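Read-outs throughout are calculated quantities, based only on the coordinates presented, and are distinct from any laboratory measurement. This is a predicted model, so every value here is computed, not measured. So basically every Cβ, Gly included, is an ideal-geometry build from the backbone, and we count neighbours across all protein chains shown.
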Amino acid sequence: MKTKTTALILAAVITLLSFGSCAGGDKAVTTGKTGVLEDEEFGNIYIDGYTIEEFNALGFAFGDSVNIAFDNGKTFEDIPYYSGYYVPVGEMLACGYPGYPHVVIARNYGASTWDDFEMTEDSKVTVTLNEKGKYLVTQELFALEYTDNRSDYDSDVIFANFREVTGGSLKAATFYRSASPCDNQHKRASYANKLCEQYGIKFAINLSDNIKKYKSYVEADDFDSAYYNSLYQSGDVLLLAMNANYRSDDYARIISGAFAEMLNHPSPVIIHCVEGKDRTGFVCALLLALAGASTQEIIDDYMITFDNYYGITKEENPEKYEAILTNMKDFFYCICEAEKDTPLDSLNIKEGAENYLRRGGLTDETIKAIEDYITA
């Protein structure tokens, strides 16, 4: 009897230790050493071995602070774990973004972590809880979630995040933006495709896909984007497979090349990535800046997306609106090579956009031809 009691006490002690010796069991919340996968779209690090739900079931929660240790010796402490990219531009986070297969370790709009942290297919990572709920206020401030159910939206246009891009001297009925008309992961492709056909789109700048990914959409059972595919078959879809690092030389080079290629195609033009939000937002900001739009016109265009997806407006959600806008302002600082917090009304964004294309390798002659193409 004594032996049995001793065994039970020992088992209880071991159980308690397995949950950590501090309150809430913080020290025991860890992935242990697990593998990594490359996020091929953005070049970042996925934590292999767990889905986002399984990762959270270990004891992690959005708003926590985590420590990250790779087996090559690189370590990072006190990194926020969020459900979205809720950190300033260039800063690191762990992110369980809805629709991602795994938690990703990334920089917001920054350089790829896979190459930067020298990952290989054999690399390992350990993620450990640092402090429970340390960043919960920020997580709850943003807490941006949307559904992929058409019935939750007032129209096909809102659901597809589809709209004409307007501002400055931009030519009317010439440029549009939307969620992807071919990638159906968010169930919007067929709606965006129909709108492309309705508005007579003639050329597509696809920021997110490469040939392999595009062909996988066409071969999928749920592919219902015949009009978009007809553009692809006629050579009027430009596949760019871009990441989100608009500050990089590669980004400037690729976008500058896309604008130059656009001169060889008819309009109207659709610009899209997957959601039609951030990569599309920056490219449309650049386009509008070239057309002489004001910073407010560019902001207004960008923020429509957050109304379409999340119902966030300046009037009804001022705190969230301003928090989103804080990061978006970096578009202007990047284009104009200006310091953070420079007053926006002091920036010459048209000149900045022209210089951005020069950094991307375009001549003044080509930039002038692009401006003639896009303006009335």
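What the Cβ-Cβ distance of Asp78 and Ser294 gives, at R0 = 41 Å and to the nearest 0.05, is a FRET efficiency of 0.55.
Distance from the Cα centroid of region 311-376 to that of region 149-214 is 22 Å (rounded to whole angstrom). Packing around the peptides 311-320, 128-137, 107-116, 174-183, taken as the average count of other Cβ atoms within 10 Å per residue, puts them in this order, highest first: 174-183, 107-116, 128-137, 311-320.
The Glu315 and Asn355 beta-carbon pair, evaluated with R₀ = 41 Å, returns a calculated FRET efficiency of approximately 0.70.
Where both bridge residues fall in the chain, DSSP classifies roughly 65% of the beta bridges as antiparallel. Which lysines have a Cα less than 18 Å from the Cα of Lys134, not counting those fewer than 8 places away in the same chain? Within reach: Lys27.
Kyte-Doolittle cut-off 1.6, length cut-off 30 Å along the helix's own axis using Cα: show which whole DSSP H helices in the chain pass. Flagged H segments: there are none.
Here the mean projected area of the convex hull built on the C-alpha positions of the chain is 22.6 nm².
Once both labels are positioned 7 Å from their Cα atoms along Cα-to-Cβ, the gap between Thr120 and Leu136 label points is 4.2 nm. Sorting Thr147, Thr295 from the fewest to the most surrounding beta carbons within 10 angstrom yields Thr147, Thr295.
Looking at region 86-240, the DSSP beta bridges with both ends there are about 65 percent antiparallel. Which entries of Lys212/Lys314; Lys74/Lys215; Lys212/Lys340; Lys194/Lys277 show an alpha-carbon separation above 28 angstrom in the structure shown? From the list (Lys212/Lys314; Lys74/Lys215; Lys212/Lys340; Lys194/Lys277), the Cα-Cα distance tops 28 Å for Lys212/Lys314; Lys74/Lys215; Lys212/Lys340. Partners of Lys33 within straight-line reach, counting aspartates and glutamates whose Cα lies under 13 Å from its Cα and excluding those fewer than 8 residues away in the same chain: Asp48, Asp71, Asp122.
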